[in-house]
Structures are given as C-alpha cells and as structure tokens.
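Dumping the structure here so I can ask a few things about it.
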Amino acid sequence: MTVPIDQHLEEGKKDVTFRVFRFNPQVDSKSYFDDYTIPVERGITVLRSLNYIKEHIDASVSFRAFCQAGICGSCGMRINGLSQLACTTQVWDVLAKSREQGIIKVEPLRNLPLVKDLIVDMDPLVDKMKHYSNWIDSTMPEASMGKKEFLISEEEFLRYDKATDCILCASCVSECSILRANKEYVSPAVLLKSFRMNVDSRDSIHDQRLAELVKDHGVWDCTHCYRCQESCVKSIPIMDAIHGIREDAIETRGVKDTSGAKHAEAFMSDIEKKGKLVEATLPIRTNGVVWTLQNLLPMAVKMIMKRRTPPPPPLVKSAKGIKIFREMFREMTEHVKQDHKSHKK
Amino acid sequence: MKPFDVVIVGGGGAGLYAAMEAMKTNPSLNIAVLSKVYPNRSHTSAAQGGANAALANKAKDDTVEMHIFDTIKGGDYLADQDAVEVLCSEAPKIIRELENMGTPWSRMPDNTIAQRPFGGATLPRCCYCSDKTGHTILQTLYEQCLKKGVIFFNEYFALNLSVNGSRSRGLIAMNMKSGKVEAFPARTVIFATGGYAKMYWNRSSNAAGNTGDGQAIAFRSGIPLKDMEFVQFHPTGLRKSGLLITEGARGEGGYLVNKDGERFMARYAKEKMELGPRDLVSRSIETEILEGRGFDSPAGTYIHLDLTHLGADLIKSRLPQIREMSMQFEGVDPIEEPIPIRPTAHYSMGGIDTDNFGRTVMEGVYAAGECGCVSVHGANRLGGNSLLDILVFGRIAGHTAAEEARKFEPGTIPEVELKEQLDAVRGGMHSSGNYERYGALREDLGKTLARNVGIYRESSLLQKGIEEISELKERFKKVRVFDTSDVFNTNLMQVLELKNMLDLAETVAAGAYAREESRGSHTRVDFPVRDDANWHKHTLATLINGKVVLGEKPVTMGRYELQERTY
Ligand SMILES: Cc1cc2nc3c(=O)[nH]c(=O)nc-3n(C[C@H](O)[C@H](O)[C@H](O)COP(=O)(O)OP(=O)(O)OC[C@H]3O[C@@H](n4cnc5c(N)ncnc54)[C@H](O)[C@@H]3O)c2cc1C
Ligand code: SF4
Ligand code: SF4
Ligand code: FES
C-alpha cells in the first residue's frame with residue numbers, strides 16, 4: 001500500500017522568518033535586513049520561499065534564479081552563513097540546523113561586488129576565466145575540425161569528469177579565505193577549470209596556462225583551507241585540482257624557475273609567523289591532523305627530496321625540512337585544540 | 001553605439017554556435033551576443049540525455065539515412081524533409097567538431113564517443129556526457145567564445161526590434177544592471193532565445209526564463225510564427241515544480257500507480273506498460289487524473305511514480321540524481337515513498353518561421369534553436385534531436401547572417417523608439433487604484449493552458465482557453481510593477497516576460513483550435529485521427545492589426561511518403 005504524501009504534509013507547516021539582506025545602491029547608503037515570516041511546509045526550497053515573498057509580500061526583493069533545478073548556477077547565496085544554491089536547499093533542513101530558532105538568514109555571496117540585495121557581479125569571475133585561458137586551445141587546426149574524433153581513454157575522461165560538473169555558481173568563491181583578503185586571487189573555481197584544461201590531451205597551451213598559474217595571485221597563494229571543497233554545491237574535489245596543479249608545476253617547472261618555491265616558502269613562513277592565519281584557515285580543523293600530515297606533507301617532502309626546487313632556507317636539508325613541518329603541525333594542533341575548547345564554552 | 005554587423009539575442013547553444021560561426025565566417029565583423037542571463041546559465045545546460053548523430057560508434061550499421069527517417073516519422077510527417085536531411089547529415093560533423101574543441105563526451109571501450117539508445121531512435125545514436133550533456137556542450141561553447149573574444153552583453157533584456165518597412169534596423173534592449181534602455185543598431189539580428197513551454201508555468205520542466213521572448217518580439221514585428229500549437233509534454237514532472245524526472249526511473253523498473261493502488265498503464269499499453277512512448281504515457285496519466293483516480297493536494301492532482309520496490313541499493317547506485325531531485329524538490333525520499341508526479345510541458349516545437357538558412361521573412365532577421373522553427377521536429381520532437389537542432393541551425397544562421405550582413409545598410413534607431421520602449425517598460429510602475437499582481441496572472445495563465453490547451457484538447461475547451469487568455473490580457477493592462485528601482489529590477493523583467501507569454505499563448509491556443517486533427521503532440525479528443533487530406537501543412541500565425549491571423553505553409557516532402565505512425 002502506498003501512503004498519500006499529503007498525510008505527511010499535514011504534519012504541519014512551520015512559520016519561518018527569512019531575514020533577507022537588503023541593499024539598493026540607488027537609495028541605500030548602508031545595507032540592512034528585512035524580516036519576512038511565512039508558513040512553510042515540508043519539501044519547500046529556500047528559492048520557492050523567496051519567490052513566495054517576492055510575489056506576495058515584497059516584489060522588490062531581488063535575487064537571481066533561472067533553472068530552479070540546481071544546474072544553471074544562478075541562485076548561489078549565503079543561507080545561514082553558508083554559500084549554497086537556494087533552489088536545492090530545503091527550508092526544513094536549514095531550520096533543523098539553525099542557530100536562532102525559526103530564523104533563516106539570507107545574504108549575498110561574498111568576495112564578488114554587490115549589485116543589489118542578493119545579487120552580486122559575476123564579471124570578475126569571467127575575467128579570471130579569460131585571464132587563465134579557461135578553454136581548450138585544440139591541437140587540431142580549425143580547418144580540420146569535424147572530420148575525425150580524438151580517441152580518448154576512459155582513464156583520461158575520468159581525470160576531468162568531475163571537474164566538468166562545475167556550474168560556476170561561485171559558492172566556493174564566496175567561501176574562499178584568501179579571496180577575502182585578496183580579490184585578485186585566481187579563485188577556486190578558476191583553478192578547477194584550469195586544472196581540467198591542463199589534463200586534457202586535446203589542449204595545446206598547457207605550459208602557457210601553467211606559467212600564468214604560478215605567478216602572483218595564482219595557485220601558490222592557496223592556503224589549503226579546504227573551505228571551497230567543503231562548500232562546493234556539486235561535491236567536486238576542488239583540492240585534488242589544486243594539488244594537481246601544484247604537483248604539475250613542481251614537475252614541469254621546478255628546475256626552470258623559482259616562483260613556486262618562493263611561494264611555498266612564503267606560505268610556510270606565514271604559517272609559522274601568524275598563528276591567526278592557521279587558526280582561521282588551515283585544514284586541520286576540518287580534516288584532522290592525520291589527514292593533513294598524510295596529504296600535505298608528502299607533497300612538501302617530495303618538493304624537497306626531489307630537489308627540483310632550489311632549496312630555500314631554512315629547508316636546506318630534507319630531514320630538517322620534515323622536522324620543521326612536524327613542529328609546525330604540532331603547533332597548529334595546539335591552536336585547533338584551544339579553539340575547540342573556547343567554542344565549547 | 002557603433003552599429004553591429006551581427007547581433008545575436010540569446011547565449012544558449014544556438015546563440016553561441018551562431019556567434020562562433022559568424023566570427024569564423026568573417027573575422028572582421030563586429031559581432032555581439034546579448035543575453036538576459038550569463039550565457040552559461042542558459043537552459044541548454046538542463047539537457048541531460050544527449051544529442052543524436054549517426055556516428056555509428058555503438059551500432060556499426062547506423063546511417064544518416066536511418067536518422068532522417070526516424071526524425072520524420074517521429075515528427076508525424078510534419079517536418080520538412082529537406083531540413084531534416086540537413087540536420088542529420090550535419091550531425092556527425094558537428095558532434096566531432098564539439099569533441100575537437102573539448103566537449104568531454106563519455107567514451108566507448110574503443111575510446112570513441114559513447115552513444116546510447118533514446119526514445120524513437122531505431123539504433124543507439126545518442127551521444128552523451130554522463131547525465132550532463134547540455135551542460136558540457138554549453139560550457140565548451142562558452143569557453144570557445146571567450147577564447148575568440150566574442151563581445152557579450154550579459155544581463156541585457158531584449159525588448160523590441162526597430163523596424164523600417166520590410167527590414168530591421170536593429171534591436172532595443174534593457175541593461176538590467178542600470179535599467180537603461182539601449183539601442184543596438186545592427187545590419188543583422190539573430191534570435192536564439194530558446195523555447196516558450198514555461199507559459200504552462202508550474203506545469204513545465206523549463207527554466208523560469210523560457211518565456212519565448214524572441215518569438216514574441218518577432219511576432220509583434222509582423223514576422224510569422226510556425227506550428228505554435230505543438231507543445232511536447234513529458235510524462236513525469238514533479239508535482240510542485242514541474243521539474244523533470246527522467247525516463248531512467250521507469251527504465252529501471254519504476255511503476256506508475258493511481259490512488260487505488262493500481263498500475264494503470266496495464267489499461268493503455270498492456271505490453272510496454274510504463275515504457276510506452278512519451279506521448280502515450282502522458283495521455284494515460286492525464287486520463288487517470290481527469291477521471292478522478294489521482295491524488296489531490298493543494299499543489300494539484302498527481303499520481304505516483306513508485307520506486308520503493310526497487311530497493312535502496314539499486315536506487316542509490318543507478319538513480320542517484322532522481323533520488324536527489326525528489327528529496328530536494330519534493331522532500332520525498334523515493335527509497336521510502338513514491339514520488340508525486342504529473343505530465344509537464346517540456347519542449348516547444350513551434351517558433352519563428354525560418355527557411356533552411358535561418359532567414360525569416362524580414363530582411364536581416366534570422367532565428368535558430370528552440371526559438372526558431374525550420375521545421376525539423378514537425379509535430380513531435382525526438383529526444384536528443386533538439387540539442388542537435390540548436391547546434392546545426394545555430395551554426396547555419398551564424399554563417400548566413402555573417403555572409404549577408406554586408407548586403408544591408410546599418411540602420412540607426414530613432415531616439416523616439418527608445419523613449420517609447422522606456423515608457424512602455426515603466427508604465428506598469430505608475431498604475432494606481434485597482435491593480436493586478438503578475439504572480440497571480442502568471443499562475444492563472446499556466447492553469448488555463450494546462451486545463452484547456454494541454455495534453456487533451458477539444459473544441460469547447462479550446463474556446464474557453466482562448467477566452468480566458470484574452471481576459472488575462474485585459475487584466476494584464478492593470479498589472480503593477482512594485483519595484484520602481486532601475487538597478488536589476490527582476491520584478492519588471494518578470495512582468496515583461498509575462499507579456500511575451502500572454503502574446504504567444506494566444507497563438508498556441510488559436511493554432512490548436514484551428515487544427516482539427518490529432519498529430520504528434522497535438523491531441524484533439526473531437527478529432528482523434530491524423531487528417532492528411534486537410535491538415536498535412538504548417539500553421540502560420542501572424543499579427544495583423546493587433547489580431548492573430550492564421551495562415552498555412554506546405555510541408556516539404558522528399559523521399560518519404562506519408563505513413564501511419566506506429567511503434
Ligand atoms: C529538462 C530538459 C531536458 C532536456 N533534455 C534534452 C536532451 O537530452 N536532448 C536534447 O536534444 N534536448 C533536450 N532538451 C531540449 C533542449 O535542451 C533545448 O531545446 C535547447 O537547449 C534550447 O537551446 P537554445 O539555444 O535554443 O535556447 P536556450 O538554451 O534556452 O537559450 C536561450 C538564450 O536566450 C536568452 N534570452 C531569452 N530571452 C531573452 C531576452 N528577452 N533578451 C536577451 N536574451 C534572452 C537566454 O538568456 C538564453 O541565453 C531538454 C530540455 C529540458 C527543459
Ligand atoms: S583551499 Fe585555497 S582556494 Fe580553497 S578556499 Fe581555501 S584558499 Fe581558497
Ligand atoms: S566548483 Fe563547485 S561551488 Fe565552485 S563554482 Fe563550481 S560548482 Fe560552484
Ligand atoms: S536556479 Fe539554477 S541553480 Fe538554482
């Protein structure tokens with residue numbers, strides 16, 4: 001026997017207050033929040049609620065939405081502090097985790113210029129896609145196109161399959177810790193796309209793209225905080241792409257230039273010097289010490305062992321390098337522990 | 001603004017291919033793409049299934065000829081056979097071209113492009129990339145356009161053509177970010193604004209913006225629309241949103257069940273049961289609902305797509321997307337409960353009447369993609385043929401416009417027209433006294449269409465539909481735009497879209513009322529059979545003195561004689 005779904009719906013509706021970020025550049029000098037309280041039944045998404053508010057309460061609330069099916073990437077916004085798609089986020093699910101009972105706060109994505117209410121300007125992201133040549137420059141001359149297929153193995157396809165899930169919703173961009181400080185930073189989604197292009201055998205500008213990626217504001221600026229990956233609405237392992245680019249850079253460019261190594265050095269001294277940065281951004285917090293050691297240490301060690309990179313002080317000897325890393329991570333662990341304690345209070 | 005050689009309205013698959021091809025045809029031309037959403041957001045991204053091409057990678061004996069025949073038969077012999085020939089013979093080339101530019105097609109064991117079976121095709125010829133084919137095609141095209149330096153005007157909303165006698169001077173559009181109405185003087189304009197199936201609103205699988213803007217603009221400029229009455233319904237849309245649950249769910253063994261707990265397909269397709277052809281399954285579900293065997297709910301009457309008997313393992317491994325969608329959009333986990341569904345308006349076969357080169361009757365105006373009607377789909381589109389259509393005819397339109405641009409003088413758009421548009425746009429902001437809410441009108445339009453111009457059509461229902469649409473048009477005159485700001489006024493945009501849908505709804509209903517036969521997606525209860533003697537022809541709808549006037553156009557035949565369509 002099948003149970004009519006409405007029996008469940010009759011479990012009731014909940015009154016939910018949507019606290020919506022408002023800003024109209026034409027009249028407002030400062031942003032503010034408007035509260036809208038509406039009854040919401042199970043199965044309703046945040047986007048449907050916003051549509052309801054727009055149609056029945058306040059038509060001036062402005063946000064983007066198009067496909068309503070989680071595929072176009074239009075409706076990225078921060079819902080209770082987390083960047084995600086409004087059209088695939090269930091109101092009741094958010095409520096269950098809401099800190100303030102019955103209230104859902106809706107704000108625009110961060111790290112992109114604000115246009116109005118929940119709408120941000122996507123152009124900076126597109127400009128970065130252009131800057132880092134986020135396209136295939138085919139080895140096939142244009143005149144010969146359409147005549148025959150490239151033969152591509154399943155193995156190669158799998159290398160970029162997940163990366164092509166990206167819908168450019170900019171949730172990861174909004175969560176990126178480096179972008180908050182440096183708007184010039186390449187951005188996680190653009191790193192992901194760059195990686196996808198670089199591992200495609202049809203592409204002919206790998207070296208050129210990579211050369212751009214290792215410059216200032218490029219791949220070496222990433223702090224491995226993992227926030228982009230955690231917030232990715234398509235669960236794409238963005239960090240694999242970032243690691244991939246770094247390893248590629250060390251492999252193919254290590255001997256040629258020092259930019260990568262210099263950045264690595266700066267990154268490490270940053271960590272040593274500024275506990276704050278570590279506390280705010282490092283992956284230990286979310287991934288645990290063991291994970292971090294397993295995943296990050298080997299790469300650093302590889303860099304040093306291979307001696308492809310001119311060893312910058314103080315990592316003159318590999319053994320010494322590892323020691324320093326261990327010390328650093330111990331220090332970080334302390335930070336995290338303290339942090340946890342203070343949170344619990 | 002400096003006049004453009006080619007202005008393309010729409011950044012979906014059709015628009016982007018047109019842009020690329022126009023640049024390739026003549027790199028010295030000044031070309032722009034205008035889109036109301038960022039191109040990568042276009043509805044092309046929603047296509048999951050794939051695109052058909054007789055590559056013969058999977059079925060070695062597949063041929064272009066067979067693809068042509070399947071398409072003509074699928075369209076119930078209303079497609080123009082010369083156009084279908086172009087579509088299918090260009091298919092392998094265009095799919096390879098995309099592959100050469102980086103589209104991540106799934107692969108066969110021999111490393112060629114993978115293909116799978118799809119409804120209405122004799123052999124497996126649907127090329128795909130997992131379940132994100134449209135998305136990856138659109139990505140590739142957008143990337144290539146960025147590479148080529150195509151000029152984009154993103155978040156510009158096209159309002160009108162500027163027309164001088166029999167030719168266009170260019171386009172008038174609103175910049176959403178500033179609210180300014182701007183002129184785009186152009187030698188040629190290509191409309192590639194996608195479909196109009198969203199007029200069925202909550203009963204549509206389409207994106208919110210698939211409101212037929214290009215068709216409506218062309219129509220208001222006196223360009224005829226073709227075969228507007230043909231709208232394809234997909235059997236399994238989610239109850240609340242109309243979003244699509246793909247055929248895969250039934251392919252894996254899902255049941256369709258009514259409120260009496262009965263697998264009702266036994267009544268309509270004893271052998272194939274849930275796996276009958278799309279239109280038959282849609283009609284069967286609709287019959288159950290009409291005869292009172294559906295489940296009632298505030299969000300409308302529905303039936304169940306039951307997967308519970310398939311078990312958690314199979315659902316998780318084979319149908320993860322469907323499970324995710326049911327949970328996200330209905331709050332229902334199909335492992336535990338059946339999914340509430342009903343048929344949903346999915347694709348618009350009709351559109352701006354063009355020749356095989358994308359030309360309309362107006363000099364310098366072209367159309368392609370779901371917005372145009374060549375016609376390659378006839379009375380019913382086959383799955384996987386639409387992505388192909390937008391690519392092939394997008395490219396052709398881009399090429400033709402680029403070739404012909406220099407034939408035409410660049411027009412200048414008179415200031416007064418801009419002012420007119422601005423006034424028209426702003427009009428709704430100042431209405432006082434009794435006013436109408438766009439949300440209610442839009443909902444009512446969807447309802448009246450689904451009820452009266454839906455899957456089953458009948459003379460008195462259609463008449464009622466026509467009356468109700470004209471009442472809605474009256475009510476629209478008092479619609480209120482509440483948001484009075486210039487910056488990104490989505491309220492205003494929705495009102496403009498509603499106007500376009502209302503204008504087009506009239507042509508859909510008029511065409512359906514006139515066509516006294518059943519063919520493809522158009523089912524008249526009062527005229528249940530195909531009537532080739534009287535109705536083997538295209539419908540043309542033209543706006544003359546503010547009235548929809550219906551005309552006709554012969555179907556171009558070729559090698560294939562009319563036959564009864566059986567599967
Ligand atoms: C859920 C779903 C699944 C599908 N699956 C398949 C499939 O598997 N295989 C297949 O072949 N087909 C499929 N289709 C159909 C196919 O996806 C569409 O027909 C096709 O993508 C349409 O492409 P287009 O380029 O014509 O228009 P779109 O991709 O819709 O693009 C329209 C463009 O026009 C712009 N625009 C519209 N109005 C304006 C305006 N006023 N001003 C400025 N710009 C404007 C938009 O911004 C957009 O960029 C599916 C459709 C749906 C809804
Ligand atoms: S891991 Fe790197 S790219 Fe990702 S959010 Fe952190 S700093 Fe940004
Ligand atoms: S990587 Fe994920 S979160 Fe970032 S833009 Fe792409 S889909 Fe969105
Ligand atoms: S509206 Fe398209 S992803 Fe949400």
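Which order do peptides B:210-218, B:535-543 fall in by mean Cβ count within 10 Å, highest first?
So the peptides B:210-218, B:535-543, ranked by packing, come out B:210-218, B:535-543.
Order A:S171, A:S204, most accessible first, counting only protein heavy atoms with a 1.4 angstrom probe.
Highest to lowest solvent-accessible surface, that is A:S204, A:S171.
Quick check for you: which residues of the range B:191-219 have the amide N under 19 Å from the point 7 Å beyond the Cα of B:L550 toward its beta carbon?
Once the point is set 7 Å along Cα→Cβ of B:L550, B:219 turn out to lie under 19 Å by backbone N, inside the range B:191-219.
How far apart, in nm, are the 7 Å Cα→Cβ label points at B:R167 and A:S204?
3.9 nm
State, in angstrom, two size descriptors of the range A:13-119 derived from its alpha carbons: Rg to one decimal place and Dmax to the nearest whole number.
Rg then Dmax for the range A:13-119, in Å: 12.9, 38.
Right, next: Can you tell me the Rg and Dmax of the protein assembly as shown, counting just the alpha carbons, in angstroms?
So, for the protein assembly as shown, Rg and Dmax equal 27.9, 90 Å respectively.
Also, I was wondering about something else. Heavy atoms of the protein only, probe of 1.4 Å, neighbouring chains included. What is the accessible area of A:D127 in Å², nearest 10?
90 Å²
In square angstrom, rounded to the nearest 10, how much accessible surface does B:E336 have for a 1.4 Å probe?
B:E336 has an accessible surface of roughly 140 Å² with all protein chains in place.
Another question, if that's okay. Out of B:G311, B:G248, B:M325, whose Cα points farthest toward the positive end of the dipole of the range B:236-344 (charges: +1 Lys, Arg; -1 Asp, Glu; placed on Cβ)?
After comparing all options, I get B:G248.
Right, something else. Need one value for A:135-142: mean number of C-beta atoms belonging to other chains within 10 Å of its residues' C-beta atoms.
Shielding by partners across A:135-142 averages 5.
For a quick check of understanding: with a 1.4 angstrom probe and all protein chains in place, what accessible area in square angstrom does B:I322 have, to the nearest ten?
That residue has around 10 Å² of solvent-accessible surface.
Next question. What FRET efficiency comes out for the pair A:K183/B:S459, r = Cβ-Cβ distance, R0 = 51 Å, nearest 0.05?
0.25
Still on this structure: For the range B:30-48, list residues with backbone N below 20 Å from a point placed 7 Å from the Cα of A:Q26 toward its Cβ?
Residues B:36-37 qualify, since their backbone N sits under 20 Å from the label point.
For a paramagnetic label modelled at 7 Å from the Cα of B:S297 toward its Cβ, which residues of the range A:59-91 fall within the zone defined by backbone nitrogen distances under 16 Å?
Backbone N within reach: A:90-91.
Now for a separate question. Which three lengths, in whole Å and largest first, does the range B:422-529 cover when its Cα atoms are put on their principal axes?
For the range B:422-529, the Cα extents along the three principal axes come out at 53, 26, 19 Å.
Within the range B:151-306, count lysine pairs with alpha carbon atoms under 23 angstrom apart where the residues are 8 or more positions apart or belong to different chains.
Value for the range B:151-306: 5.
Considering the range B:73-139, what Rg and Dmax in Å follow from its alpha-carbon atoms?
13.4, 38
Now, a different point. Can you tell me the length gained on complete extension of the stretch B:S28 to B:H309, counting 0.36 nm per residue apart and subtracting the Cα distance?
Full extension from B:S28 to B:H309 adds 95.0 nm.
So, one more: Which three lengths, in whole Å and largest first, does chain B cover when its Cα atoms are put on their principal axes?
The Cα atoms of chain B stretch 65, 63, 49 Å along the principal axes, largest first.
Still on this structure, I have one more. Could you state the accessible area per residue of the protein assembly as shown in Å², with a 1.4 Å probe and every protein chain left in place?
Using a 1.4 Å probe on heavy atoms only, each residue of the protein assembly as shown averages 38 Å².
Using the basic label-point model (7 angstrom from Cα toward the beta carbon), what is the B:T122 to A:K215 distance in nanometres?
According to this spin-label approximation, the distance is 5.6 nm.
How far apart, in nm, are two points set 7 Å out from the Cα along the Cα-to-Cβ line at A:T139 and at B:V525?
6.2 nm
On to the next question. Work out the FRET efficiency for A:K13 and A:E100 from their Cβ-Cβ distance, taking R0 = 22 Å, and round it to the nearest 0.05.
0.70
Right, here's the next one. Calculate for chain B the 222 nm mean residue ellipticity that helices alone would give, adding -39,500 (n - 2.57) per DSSP H run of length 4 or more and normalising by residue count, nearest 500 deg cm²/dmol.
-11500 deg cm²/dmol
Whole Å is fine, so just give me how far the alpha carbon centre of the range B:476-493 lies from that of the range B:200-237.
22 Å
Taking all protein chains in place and a 1.4 Å probe, what share, in percent, of the accessible surface of the range B:422-529 do carbon and sulfur account for?
It is 53 percent, rounded to a whole number.
The values are calculated or read from the model by the stated rules, or taken from the named source; none is laboratory data. The structure displayed is predicted, hence computed values, not measured ones. Reconstructed Cβ throughout: ideal geometry from the backbone, glycine too, with neighbour counts over all protein chains shown. The protein model used for the area step is the full one, side chains on, heavy atoms only, and it has no ligands, DNA or RNA in it. Shrake-Rupley method; radii C 1.70, N 1.55, O 1.52, S 1.80 Å.
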